[in-house]
1. Among the residues of the stretch 103-125, are any in a helix (DSSP H, G or I) and in contact with a strand residue (DSSP E or B) (Cβ under 6 Å, 6 or more places away or on another chain)?
2. Among the residues of the stretch 176-187, which ones are surrounded by fewer than 13 Cβ atoms within 10 Å (Cβ to Cβ) and assigned to a loop (DSSP other than H, G, I, E, B)?
3. Is there a residue in the stretch 75-95 that is crowded, with 16+ Cβ neighbours inside 10 Å, over 24 Å from residue 203 (Cβ atoms) and without any contact (Cβ under 8 Å) to a residue 60 or more places away in the chain?
4. Select from the stretch 1-37 the residues that are assigned to a helix (DSSP H, G or I), over 22 Å from residue 170 (Cα atoms), out of contact with any strand residue (DSSP E or B) (no Cβ under 8 Å at 6 or more places or on another chain) and in contact (Cβ under 8 Å) with a residue 24 or more places away in the chain and list them in ascending order.
5. Determine whether residue 190 is touching a helix residue (DSSP H, G or I) at 6+ places or on another chain (Cβ under 8 Å), touching a residue at least 60 places away in the same chain (Cβ under 8 Å), surrounded by 13 or more Cβ atoms within 10 Å (Cβ to Cβ) and in a strand (DSSP E or B).
6. Residue check, residue 115 against (1) closer than 30 Å to residue 198 by Cα; (2) within 18 Å of the chain's Cα centre (by Cα); (3) surrounded by 14 or more Cβ atoms within 10 Å (Cβ to Cβ); (4) touching a residue at least 40 places away in the same chain (Cβ under 8 Å), all met but one. Which one?
7. Whether any residue in the stretch 61-82 is more than 20 Å from residue 1 (Cβ to Cβ), in contact with a helix residue (DSSP H, G or I) (Cβ under 6 Å, 6 or more places away or on another chain) and in a loop (DSSP other than H, G, I, E, B) is what I want to check.
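The values are calculated or read from the model by the stated rules, or taken from the named source; none is laboratory data. Just so we're clear, the structure is a prediction, and the values are computed from it rather than from any experiment. A quick note on method: Cβ atoms are made from the backbone with ideal geometry, for glycine too, and the neighbour counts reach across all protein chains shown.
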């Protein structure tokens with residue numbers, strides 16, 4: 001089963017993908033994580049895209065597609081695509097890559113959230129510099145530190161200015177994907193403002209894993 005998670009930055013796509021991976025046999029394809037790894041390793045690709053990401057811009061289609069194809073070639077049958085595709089050309093490339101492997105997209109889920117809530121979530125997000133764990137300063141469980149001992153930092157793409165720009169980029173380049181998939185396999189819309197476990201249960205019902 002192949003699932004695409006769509007939604008604004010901060011809508012909880014990564015969190016929901018991680019829960020599904022723990023409970024079911026999915027491979028999590030997070031292009032954001034892939035790119036951050038390239039940046040951390042200071043690869044040529046990482047150096048090329050670091051400046052653009054800090055300004056909230058998207059990585060070029062051909063760079064992202066290359067990374068995703070490398071993962072698909074591992075031969076797994078179930079994937080959760082988080083942060084990919086972000087443009088219609090990427091969606092077309094994904095469709096072709098999956099068809100070569102005799103696979104297809106089974107579900108497209110759109111995690112709906114207001115722009116106001118998106119900005120609040122993004123600007124209040126903190127990331128552990130050591131293990132990559134994500135925290136939110138408004139969570140009741142937030143203590144200001146990570147259990148692994150790493151420092152909590154604000155990512156360069158989680159500032160207020162960058163958050164607003166990312167919303168603009170989403171509307172221009174990614175929003176058309178909703179219509180693209182609606183006209184083919186359909187899009188299931190879910191309320192992402194709920195607690196993570198509630199959203200997870202809605203996802204399970206949407207993909208037929210829970211009544």
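1. Within the stretch 103-125, the first condition is being in a helix (DSSP H, G or I), and the residues that meet it are 115-123.
Now narrow it down to the ones that are in contact with a strand residue (DSSP E or B) (Cβ under 6 Å, 6 or more places away or on another chain): none.
No, the stretch 103-125 has no match at all.
2. 183, 184, 186
3. Within the stretch 75-95 (the criterion being crowded, with 16+ Cβ neighbours inside 10 Å, over 24 Å from residue 203 (Cβ atoms) and without any contact (Cβ under 8 Å) to a residue 60 or more places away in the chain), the answer is yes, since at least one residue qualifies.
4. 19
5. Numbers: touching a helix residue (DSSP H, G or I) at 6+ places or on another chain (Cβ under 8 Å): yes; touching a residue at least 60 places away in the same chain (Cβ under 8 Å): yes; surrounded by 13 or more Cβ atoms within 10 Å (Cβ to Cβ): yes; in a strand (DSSP E or B): yes.
The answer is yes for residue 190.
6. Unmet condition: (3).
7. no
Residues are listed down the side, and each one gets a yes or a no for (1) assigned to a loop (DSSP other than H, G, I, E, B); (2) touching a strand residue (DSSP E or B) at 6+ places or on another chain (Cβ under 9 Å); (3) at pLDDT 90 or above; (4) surrounded by fewer than 13 Cβ atoms within 10 Å (Cβ to Cβ):
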position: 148; (1), (2), (3), (4): yes, yes, yes, yes
position: 163; (1), (2), (3), (4): no, no, no, no
position: 194; (1), (2), (3), (4): yes, no, yes, no
position: 204; (1), (2), (3), (4): no, no, yes, no
position: 208; (1), (2), (3), (4): yes, yes, yes, yes
